[in-house]
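What follows is a set of notes on a single structure, which appears directly below.
The values are calculated or read from the model by the stated rules, or taken from the named source; none is laboratory data. Since the model is a prediction, treat every value here as computed from it, not as a measurement. Methodologically, a virtual Cβ is constructed for each residue, glycine included, from the backbone with ideal geometry; neighbour enumeration extends over all protein chains shown. Please note that ligands, DNA and RNA were not included when accessible areas were found on the heavy atoms of the full protein model with its side chains. Shrake-Rupley method; radii C 1.70, N 1.55, O 1.52, S 1.80 Å.
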Amino acid sequence: MTGLPDPTRSRAVLVGTSSYRHLPQLSAVEANVVDLAAELCDATVWGLPVRHCTVVTDPLTTPAILDPVYQAAEEATDTLLVYFAGHGMRDADSTDLYLALGDSREHLGYTAVAYQHLRTALRTARARRKIVVLDCCFSGRAARALSGGDQLAAQAAVDGAYVLAASPRDRIALAPDGERYTAFTGELLGVLRDGVEDGPELIDLDTLHRVLEERLRAKNRPLPQRSQENGVGRLPLARNKARAGRRRGPAGPVLAADVRAALVATGLSLARVLRAEGNTRDALPVLRLALQEQRTGDGRGDLVEVQLELSELLAETGQVREAIEVLELAFQQVHKVYGARGRAGLPPPGRPAAGVRQPSPGLRGAQARPRHQRARRTALTQRSGPAVTRTAGPFRIV
């Protein structure tokens, strides 16, 4: 395994529950999932296309977590990464791990998602390699199960799986008061953002575990656990930014098209956030800029999505003639790229596309969130350096 997983054939599902009715709140979890998604999609880290990264926040039902995982499992053929941050639970009558939902109650496993159900979803995945990252209490139970260390080994084994857990099987994970992230994910983000001094050009999973263990041990915090199948630990996951200034060439291609796609996706997301807040005046120029940037590229990617969004917004603001013109351009683009059959998926001019942002603009998943909640959860984060301003929105928010 000499190169990074193919981003175009890989998928990531990041799940985070920060708000609970019966359990302590975990406010840092929201920042965990949003910023981790940004790092995975950063072209200087891995370069996962934003449309291949699904973020699920505050799920209330089992399907809200598992449906996106099953979808990603069907789509990914190279690598599937699943991340969960939130409360981990033990059932009073078993030693199994449960992932808490917003309405879960302590020691009542039937109110949460049994980890075995997530494991089943992973076993159906087409991807050659699966990565599970669990930032929750008792998460070491998942690593132990996948390692085949008990009588459930036969049914627990997942070919090509690597489990990275934030704490041992009988220890709680740590969410320090006043810190932006949980202890484990904070160190994980530090490795992705800053790299590893004297480390390899590409950071593999075993190196990641070793560095996380060293840094958490130095702070006297719970130590991460791991389990792997078929040598997946040698799989490179990220470029080592600490070596970026010393190497002769990039560890992998960072294409202009990737940067342009990130800009367009960010602009599209920002416009949706502005619309959700009722700020159509500022959303319009943002969409026009995104459309102009996309037209300078290869004409694919998010072009049609930007055109549809702009057409809707123009119609909402009474600019019907221009809305029809933009929608006609979308028809022409679909016909150009996909042929006449591709037009079947678009509505006639003047009618909205079935299922498009009604009621959740640009979001894809099991649950729709009211606009005021979605705007609150889509927090903008400014990062230093060459990276652009990122939002949670370019990722598929469920």
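The table below gives the values:
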read-out	value
Top-ranked residue of segment 72-87 - restricted to ones that are open to solvent by less than 10 Å² (accessible area, probe 1.4 Å) and in a loop (DSSP other than H, G, I, E, B), ranked as nearest to Leu188 (Cα to Cα)	Gly86
Set Glu305, Glu316, Glu293, Glu322: member being of a type in the set (Asp, Glu), modelled with pLDDT under 75 and open to solvent by 40 Å² or more (accessible area, probe 1.4 Å)	Glu293
Selection count, segment 1-29, where residues are at pLDDT below 90 and under 20 Å from Pro68 (Cα atoms)	0
So Gly47, is it within 14 Å of the chain's Cα centre (by Cα) and on the phi > 0 side of the Ramachandran plot	yes
Considering residues of segment 100-114 that are part of a helix (DSSP H, G or I) and either modelled with pLDDT under 90 or among the acidic types (Asp, Glu) (or both) only, the residue least open to solvent (accessible area, probe 1.4 Å)	Gly109
Residues within segment 3-39 that are among the hydroxyl-bearing types (Ser, Thr, Tyr), touching a residue at least 24 places away in the same chain (Cβ under 8 Å) and open to solvent by 30 Å² or more (accessible area, probe 1.4 Å), tallied	2
Qualifying residue in segment 224-238 (condition: of a type outside the set (Ser, Thr, Tyr), at pLDDT below 85, part of a strand (DSSP E or B) and in contact with a Leu (Cβ under 6 Å, 6 or more places away or on another chain))	yes
The listed residue being at pLDDT 85 or above and open to solvent by 30 Å² or more (accessible area, probe 1.4 Å), out of Arg144, Arg123, Arg90	Arg123
